[in-house]
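K.L.:
Sharing a structure here in structure tokens format.
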Amino acid sequence: MRRVLVVGASAAGLAAAETLRREGYDGTLTLVGDEPLAPYDRPPLSKQLLSAEWESDRLALRTADDLAALGLDLRLGVAATGLHLADRTVRLADGTTVPYDGLILATGVRPRRLSGEGAHVLRTLDDALALRDRLTPGTRLVVVGAGFLGAEAAAVAWRLGAEVTLLEPAPVPLAHAVGTEVGQMLTGAHLERGVNLRCGVTVREVTEEGVRLADGELIEADEVLVAVGSLPNTEWLDGSGLTVGDGVVCDEYCEAARNVYAAGDVARWYNPLFGVSMRIEHRTNAAEQGMAAARNLLDPEGRKAFAPVPYFWSDQYDMKIQAYGYLRGHDEVAVVDGDLADRRFVAVYRTGGRVTGALAAGMPPRAIRTWRQAIMSGVNWSEAVRTEEVVQGGTAL
């Protein structure tokens, strides 16, 4: 294997490239990215960068010297447009074709959009800077979608003095991901600060005046942020022969086809720890999966299944939220430390008969770390949670 191509100059793509070199690969290593910028960190876009606590130069994942040391054939500002498995080539938007012996796909996701024009999204550095420039005191901002991204942006905008309206189609924000009770706790944090949070409403379109709901109501706004989820960047793989279904479908080794691996937000792989196929849009997972894909590509005989305990965090107002595991589709939630009413607690999640997730808010990291090991070990629920107060009604979807 003398030519390895990584498509996606993302956290996952960079981690894959660095791992290849660290593991001794000394052949041609091409890294392709559709943005003109070198790999940068995305989580701060909705937090430190949007709030102007950081400037854009702090987002770079590596210095120019660090990238140069990798000896990359670096091609930025050019998207991949096609993959030909038989010829082992990738076609780029500039008309060139890049051959490979091994391929790692790390093309990430893009924001879902609504009908109409003029709304902001929040995925790239340019997106964040454009929204930041508009968030002045008194600005009427409508945020469509009260998931983690929308909630973080709403919290920052409130702190900057904007008048924030947060719209969510579900009855309780994030209930599908963290449970009804935790979702209600997060709802309270917005309402107490005067954010106009409206649940159970659907936005039909963005207009020049704001947004129009499905029932015809117009909500006026100076700026609109759409944060209603994302779509994996897989269109360029149409006709390639790879299986695509809400991401590039991979096995437990992150392999999508012979010598073709996927990593990061675009990868849907079978996680044997939980026994399900999953696609995880978390920063930590992107780096870990990029490393795993690179190692498995280099050593097919010694491949190891990628079976992580996913981790994510979110900063909202004065709360830091941390979570381990796979919380979606849970059957039950138990508060094992602290109290929901105080917004200082640890909650654990049951799926079937085992502990599959844990979430902490307002607690030190050590309060939740022990639960990571319980999730990794597949601890039985009845052994892990005996006398603690159980919060009934965990959302099972």
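The values are calculated or read from the model by the stated rules, or taken from the named source; none is laboratory data. Because the structure is a prediction, the values reported are computed rather than measured. All Cβ positions, even for glycine, are placed from backbone atoms using ideal geometry, and neighbour counts span all protein chains on display. Keep in mind that these areas ignore ligands, DNA and RNA; they rest on the heavy atoms of the full protein, side chains included. Shrake-Rupley method; radii C 1.70, N 1.55, O 1.52, S 1.80 Å.
K.L.:
Going through segment 222-237 one residue at a time, which ones are surrounded by 19 or more Cβ atoms within 10 Å (Cβ to Cβ) and touching a Ser or Thr at 6+ places or on another chain (Cβ under 7 Å)?
P.N.:
Within segment 222-237, 223, 233, 236 qualify.
K.L.:
Can you tell me which residues in segment 320-337 are under 30 Å from residue 51 (Cα atoms) and assigned to a strand (DSSP E or B)?
P.N.:
Across segment 320-337, the qualifying residues are 320, 321, 322, 323, 324, 325.
K.L.:
Select from segment 338-349 the residues that are more than 27 Å from the chain's Cα centre (by Cα) and either surrounded by 22 or more Cβ atoms within 10 Å (Cβ to Cβ) or part of a strand (DSSP E or B) (or both) and list them in ascending order.
P.N.:
Listed by number, the residues that qualify are 338, 339.
K.L.:
So, one more: May I ask you to verify whether residue 136 is touching a residue at least 24 places away in the same chain (Cβ under 8 Å), closer than 30 Å to residue 300 by Cα and part of a loop (DSSP other than H, G, I, E, B)?
P.N.:
no
K.L.:
While we're here: Looking at 260, 228, 211, which one is of a type outside the set (Asp, Glu) and within 23 Å of residue 138 (Cβ to Cβ)?
P.N.:
211
K.L.:
Here is a further query. Name every residue in segment 86-117 that is open to solvent by 70 Å² or more (accessible area, probe 1.4 Å) and of a type outside the set (A, V, I, L, M, F, W, C), in order of residue number.
P.N.:
87, 88, 91, 94, 97, 110, 112, 113, 115, 117
K.L.:
Within segment 193-210, is even one residue more than 26 Å from residue 152 (Cα to Cα), open to solvent by less than 40 Å² (accessible area, probe 1.4 Å), in a loop (DSSP other than H, G, I, E, B) and among the polar types (S, T, N, Q)?
P.N.:
No, segment 193-210 contains no residue that is more than 26 Å from residue 152 (Cα to Cα), open to solvent by less than 40 Å² (accessible area, probe 1.4 Å), in a loop (DSSP other than H, G, I, E, B) and among the polar types (S, T, N, Q).
K.L.:
Something else now. Being part of a helix (DSSP H, G or I) and of a type in the set (D, E, K, R) is the filter; apply it to segment 5-64 and report the residue that is surrounded by the most Cβ atoms within 10 Å (Cβ to Cβ). Steps first, please.
P.N.:
Within segment 5-64, the subset part of a helix (DSSP H, G or I) is 11-22, 43-46, 56-59, 64.
Among the residues that remain, those that are also of a type in the set (D, E, K, R) are: 18, 21-22, 57-58.
Values: 18: 20, 21: 15, 22: 12, 57: 7, 58: 12.
Only one residue tops the list, namely 18.
K.L.:
Continuing with this model, one more query. Kindly provide the set of residues from segment 238-270 that are within 24 Å of residue 99 (Cβ to Cβ), surrounded by 24 or more Cβ atoms within 10 Å (Cβ to Cβ) and touching an Asp or Glu at 6+ places or on another chain (Cβ under 7 Å), ordered by number.
P.N.:
261, the sole residue that qualifies.
K.L.:
Can you tell me how many residues within segment 346-362 are under 15 Å from residue 185 (Cβ atoms) and free of Cβ contacts under 8 Å to residues at least 40 places away in the same chain?
P.N.:
The qualifying residues number 2.
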